[in-house]
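Asks: After the structure tokens below, expect a handful of questions from me.
The values are calculated or read from the model by the stated rules, or taken from the named source; none is laboratory data. The shown structure was predicted, so the numbers you read here are calculated from the model rather than taken from an experiment. Areas reflect the complete protein model, heavy atoms only, side chains present, ligands, DNA and RNA absent. Shrake-Rupley method; radii C 1.70, N 1.55, O 1.52, S 1.80 Å.
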Amino acid sequence: TINLPIAVSGPNGCVYDSANDRILTFWPDNVIRGYSCATLSTTPVETITLSGHSGTFGDGITLDPSTPTTRLWVTIDGAAATDPAYINQINRATGAMVSTAIIPASCEGIAYVGTDLYGCFDQGYHLAATNGNRVWKFSPTTGNETNGHGTQVIGGSFTLATSSGTQIVSGIGF
């Protein structure tokens, strides 16, 4: 346990950096702070202040497995639940944005699985909607959602139009 004594709301995301044996935490002030797992010190051993990024509040973070010492991926929400969010590839040394794409609001976490980048969204909760909670797969090359692979998961319904006997599909998206 590392007790973090910083006077802003708590970190929204974290990832383990095995090359440096540290936990990188992403805070709503858009600063990434790395803490040593060996010493458990509350003083950051790495601080990355983001610059040139899109979005308002820092949320999810993951290492780019092909270049973990030089690139990070972060998600940044808009100011309101209805504002767009962004996925940003970040230069780890400078905090500068390398690439960005608009994503659905309320991305609560991101992770690399093999060569795929996934985001987990709870937009349905924030908008009090019956859909909007989803997991999306993104292209690590472009930051764009990769459609058509069964990666977007949202609620929906099938109903029968009784006058015609035809099925009506609503609220389903892939």
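Asks: Just report the Cα centroid separation between segment 21-44 and segment 95-120, whole Å.
Replies: Taking the Cα centre of segment 95-120 as reference, the centre of segment 21-44 is 20 Å away.
Asks: Two decimals, Cα atoms only, Kirkwood Rh: what is Rg/Rh over segment 17-112?
Replies: Result for segment 17-112 is an Rg/Rh of 0.97.
Asks: For segment 77-116, with every protein chain kept in place, what is the accessible area per residue (1.4 Å probe, Å²)?
Replies: Using a 1.4 Å probe on heavy atoms only, each residue of segment 77-116 averages 41 Å².
Asks: Just subtract the alpha-carbon distance of D83 and T146 from 0.36 nm times their residue separation and send over the number in nm, one decimal.
Replies: Taking D83 through T146 to full extension adds about 20.6 nm, to one decimal.
Asks: Still on this structure: Report in % the part of the accessible area of segment 67-125 that belongs to carbon and sulfur, leaving out ligands and nucleic acids; probe 1.4 Å.
Replies: Exposed carbon and sulfur together represent 59 percent of the surface.
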